[in-house]
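Below you'll find the structure, written out as structure tokens, and then a few comments.
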Amino acid sequence: MSESKAIGGRTVYGAAVGILMLDTCFPRVLGDVGHAMTWPFPVLYRVVHGATGESVTTARPDDSSRALVERFVEAGKDLVRDGADGLATSCGFLSLFQQELADRCGVPVATSSLLQIPLAQALLPAGRRVGVLTFNAQRLTSEHFTAVGAPSDTPVVGLETGAEFSRVMTESAAELDIAAARRDMVRAAKTLVIEHKNIGAIVLECTNMGPFARAVQDQTQLPVYDIYTLITWFHAGLRRRDFVEPTRM
């Protein structure tokens, strides 16, 4: 846009990232992808109606999930028409549809924090690996990793056996005991680094894990990447900061 003219054609201006939200009603605290104050920049939201946590985490890259994918494509195109320059989602399991959503929505798409695995791996010394904490290790398959260029045998620990975090997300409960959920996360992180001695960095698959990323890092003393690190990086490319030389007095 020139300095002398403003160009129209959109509904909303100044929000480069549109986030496709699952159809849920559990609490989303600061640090969660669905808490608008998490972001240091404005974002657009669109709920994908009918896309429950259960339907997304059990989706398969075949005809059985066609209706679900179509809902995301439709909602994504709506966000682009409203003004989004790029799209993200609120579930890491959507890595399965990374390429299709990017192809069909027509803008850059960041479906999953799992996209950060190859980059994080490239940063590590020889012999170190990226490990993943996930909502449900039973449902996170090699296909989810392969779809984003990550090793199919990436070490994984799930929170499905925890006391609070998984229960609230699974049951779409009205209340979340934040301290109990944090304990679930720390316990899972301990298990990951004990069972896999060569973990050099951790990626949090679930977009609800952001509020507990610091606790995981404090416990493991490792780099921790999640949906927050992904979308802030994503936004930095979509909306570049301008650098101006200071005026000499």
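Before moving on, here are some points about what is shown:
- Residue list for region 1-45, restricted to those being assigned to a loop (DSSP other than H, G, I, E, B), open to solvent by 60 Å² or more (accessible area, probe 1.4 Å), in contact (Cβ under 8 Å) with a residue 60 or more places away in the chain and over 23 Å from P108 (Cβ atoms): C25
- Among the residues of this structure, D62 does not count as one that is at pLDDT 95 or above, over 18 Å from V224 (Cα atoms) and not basic (K, R).
- Qualifying residue in region 73-90 (condition: open to solvent by 10 Å² or more (accessible area, probe 1.4 Å) and within 25 Å of R167 (Cα to Cα)): no
- Among the conditions (1) farther than 21 Å from T229 by Cα; (2) in contact (Cβ under 8 Å) with a residue 24 or more places away in the chain, the only one that L124 does not satisfy is (1).
- Condition check for I178 on (1) β-branched (V, I, T); (2) surrounded by fewer than 20 Cβ atoms within 10 Å (Cβ to Cβ); (3) under 17 Å from the mean Cα position of the chain (by Cα): one failure, at (3).
- For V130, the stated conditions do not hold, so it cannot be described as in contact (Cβ under 8 Å) with a residue 40 or more places away in the chain and surrounded by fewer than 23 Cβ atoms within 10 Å (Cβ to Cβ).
- For region 81-115, filtering for residues that are touching a Leu at 6+ places or on another chain (Cβ under 7 Å), more than 24 Å from C206 (Cβ to Cβ) and not in a loop (DSSP other than H, G, I, E, B) leaves 1.
- Of all residues in region 181-225, exactly one satisfies the criterion of being among the β-branched types (V, I, T) and in a loop (DSSP other than H, G, I, E, B), namely T207.
- The lone criterion from (1) of a type in the set (S, T, Y); (2) surrounded by fewer than 20 Cβ atoms within 10 Å (Cβ to Cβ); (3) in contact with a Lys or Arg (Cβ under 8 Å, 6 or more places away or on another chain); (4) under 25 Å from V43 (Cβ atoms) left unmet by S55 is number (3).
- Condition check for T146: open to solvent by 60 Å² or more (accessible area, probe 1.4 Å), at pLDDT 95 or above and of a type in the set (S, T, Y): yes
- Number of positions in region 91-107 that are touching a residue at least 12 places away in the same chain (Cβ under 8 Å), open to solvent by 10 Å² or more (accessible area, probe 1.4 Å) and among the small types (G, A, S): 1
- Subset of region 149-164 that is of a type in the set (A, V, I, L, M, F, W, C) and not in a loop (DSSP other than H, G, I, E, B) - its residue that is least open to solvent (accessible area, probe 1.4 Å): V157
- E171 vs. criteria modelled with pLDDT under 95, of a type outside the set (F, W, Y), farther than 20 Å from V193 by Cα and surrounded by fewer than 16 Cβ atoms within 10 Å (Cβ to Cβ): yes
- Residue tally, condition over 9 Å from the mean Cα position of the chain (by Cα), of a type in the set (S, T, Y) and open to solvent by less than 30 Å² (accessible area, probe 1.4 Å), over region 195-242: 1
The values are calculated or read from the model by the stated rules, or taken from the named source; none is laboratory data. Keep in mind that what you see is a predicted model, and the values were worked out from it rather than measured. With ideal geometry, Cβ positions are generated from the backbone for all residues, glycine too; neighbour counts draw on all protein chains shown. We work out accessible area using only protein heavy atoms, side chains counted, and drop any ligands, DNA or RNA first. Shrake-Rupley method; radii C 1.70, N 1.55, O 1.52, S 1.80 Å.
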